[in-house]
Structures are given as structure tokens and as C-alpha cells.
1. Taking the highest mean first, how do the peptides 38-48, 272-282, 104-114 order by number of other beta carbon atoms within 10 angstrom per residue?
2. Cβ neighbours within 10 Å, averaged per peptide: list 164-174, 14-24 in order, most packed at the top.
3. Rg to Rh ratio, the stretch 8-259, alpha-carbon atoms and Kirkwood radius?
4. Once R0 is set to 51 Å, what does the formula 1/(1 + (r/R0)^6) return for the Cβ-Cβ distance between residue 181 and residue 292, expressed as a FRET efficiency to the nearest 0.05?
5. In deg cm²/dmol, rounded to 500, what helix-only [θ] at 222 nm does the chain give when every DSSP H run of at least 4 residues adds -39500 (n - 2.57) and the total is split over its residues?
6. I'd like the distance separating the alpha-carbon centroids of the stretch 1-34 and the stretch 42-73, in whole Å.
7. At 0.36 nm per residue, minus the direct Cα-Cα distance, what do residue 233 and residue 174 gain on full extension? Give it in nm, one decimal, please.
8. Show log10 I(q)/I(0) for the stretch 23-155 at q = 0.10, 0.12, 0.20 Å⁻¹, two decimals, from a solvent-free Debye sum over equal Cα scatterers.
């Protein structure tokens with residue numbers, strides 16, 4: 001995409017984190033901004049800020065795991081601004097714990113938001129964008145889906161989140177190929193952040209009541225939550241920087257977007273495990289003291 005001015009961005013999870021920072025960039029670039037989020041108070045505050053930057057804003061409260069609500073978002077977007085040019089399927093949540101301790105509600109909640117939210121965003125907006133490209137040779141579009149390095153590395157004690165983000169990577173790569181089959185005017189990217197300070201560590205605040213479990217957290221879940229919170233809050237790369245990486249990738253028509261490229265060495269090791277048909281490498285090989293501590297705590 002060569003220019004953003006006068007075009008329209010649809011951003012989910014726009015009330016905080018990457019979504020809010022992307023909304024700020026979109027506004028500064030002169031875009032119309034459709035801001036979607038499940039948390040009404042955060043959405044109201046964020047939308048007021050983006051409007052104050054001079055952007056035309058359509059705030060929309062929704063649960064992106066619900067097909068009908070994303071379809072309503074699509075209809076409202078098209079009615080106000082026409083087909084969007086940039087769709088950022090970004091909203092996400094997470095849980096931790098050993099594979100067998102994840103409940104059905106854990107799976108339903110995380111897969112619903114992280115995977116089906118992306119699916120619904122593509123299903124609703126991609127047809128609008130493809131149709132706009134057919135009608136206008138000057139139309140340019142881009143879809144970015146937020147995955148995670150977790151989807152490339154599959155670290156222990158986080159199966160539900162890992163699986164959801166691995167699915168987003170697979171969906172995004174397929175989307176890239178499918179778009180290339182039908183048009184040269186629409187690009188795609190997948191964002192794979194590592195540990196970046198955002199509100200995802202507090203995502204339980206927006207978990208629907210019907211998907212909550214009335215039970216105490218297990219030892220592995222408590223340990224996982226503490227480790228992730230420490231890693232995320234101590235991250236040196238900001239959400240604002242990551243949002244800029246996303247916009248840079250759009251301009252460069254680049255598919256893979258990373259917050260921490262140095263972590264790709266671990267991805268390479270995993271791919272070599274697969275190709276060389278060897279067992280998965282110990283994820284704590286470079287920091288054995290961390291692995292030893294975690295094993296000791298879980299085996300106690």
C-alpha cells in the first residue's frame with residue numbers, strides 16, 4: 001500500500017495495546033479508523049483520543065468470537081466508509097498451564113477469540129476488499145493478523161495459546177496465497193510478537209461469565225501466569241514500536257512481522273528438529289537454570 005491518507009482501517013482490540021497504537025498511527029496518517037473492542041469503557045476512551053487526533057472514527061463494541069457481531073461490524077463499516085483498505089485482526093487473549101489441565105471453557109474462550117476472531121474478520125472483510133479491487137484498479141488493501149512467537153515455538157505450559165496462535169499463522173499463510181491467486185492489489189501479513197508490554201496479561205478481565213471455571217488455578221497455571229507477567233512487563237520493545245512495524249510491513253508488502261528478530265534462532269532450531277526428524281529441542285537449553293527450577297516446582 002503506497003498511501004494511507006483518506007483510506008479506512010478496521011482494527012480489533014483497539015482499546016489497548018497494539019490495536020490502540022495502530023489506531024494512533026492510522027489517525028496520524030489521515031485514515032478513517034473503525035475501532036472495535038469488547039471492553040466498552042476502554043473503547044470509549046480510545047475512540048475519543050483518536051477522534052481528537054482529527055480522524056473520522058467508528059467505535060464498535062463487539063465480541064469477535066461471535067460471527068453475527070463481526071458481520072454487523074462489517075455492515076456498519078461498509079455503510080459509513082465503504083470497503084476498508086487495512087484490516088488488523090488483532091484482538092487476543094491467553095491462558096497458561098499444562099496440556100491436560102486446560103478446561104473445555106479455556107479452549108472455547110481462547111480459540112473463539114484468537115482463531116475464530118481472525119476467521120470472522122477475514123470472512124467478513126476479505127470479500128469486500130476483493131470486490132473493491134475488481135471495481136477499482138487503484139484500490140489497495142492489506143490484512144494483518146496478530147499471531148505470536150508462541151505459535152512458531154510451542155513452548156511448554158501454554159498449550160491453548162500456542163495452538164491458537166499456530167492456527168493464526170497457518171490461516172495467514174493460506175490467506176496470503178489465496179489472495180495472490182485472485183488479485184495483486186491486496187496483501188497480507190502475520191504479526192508474531194514476543195514479550196511486549198500489553199494488556200494481554202490481564203485478558204481474563206474480559207472473559208465471558210459463561211466461559212469461566214469455578215475452580216482454583218492449578219500450580220502450573222499460577223507459575224505460568226507469574227512467568228509470563230514477568231516476561232511481558234519487562235519487555236523492552238513497546239507496543240507503539242510493534243504497531244509501527246506493522247505499518248512498515250504494509251508499505252513494504254512484507255508478510256512476516258516480528259518484534260524480536262533475534263528470537264528467530266529458536267524458530268530455526270525447531271524447524272531443524274522437524275526436518276532432521278529429531279525430538280524437540282529442550283526449550284530451556286540456553287537457560288537451563290530456568291528449566292531446572294520449573295521442573296522442580298512442578299514435580300514437588
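Bear in mind these aren't lab numbers, they're just calculated from the coordinates by the rules spelled out. Keep in mind it's a predicted model, so treat the numbers as computed, not measured. Counting neighbours? That spans all protein chains shown, and the Cβs are built from the backbone with ideal geometry, glycine included.
1. Top to bottom by mean Cβ count within 10 Å: 104-114, 38-48, 272-282.
2. 14-24, 164-174
3. 0.96
4. Taking R0 as 51 Å, the efficiency between residue 181 and residue 292 is 0.55.
5. -15500 deg cm²/dmol
6. 11 Å
7. Using 0.36 nm per residue and subtracting the Cα-Cα distance, I get 18.0 nm.
8. Debye intensities relative to I(0), on a log10 scale: -0.38, -0.53, -1.23.
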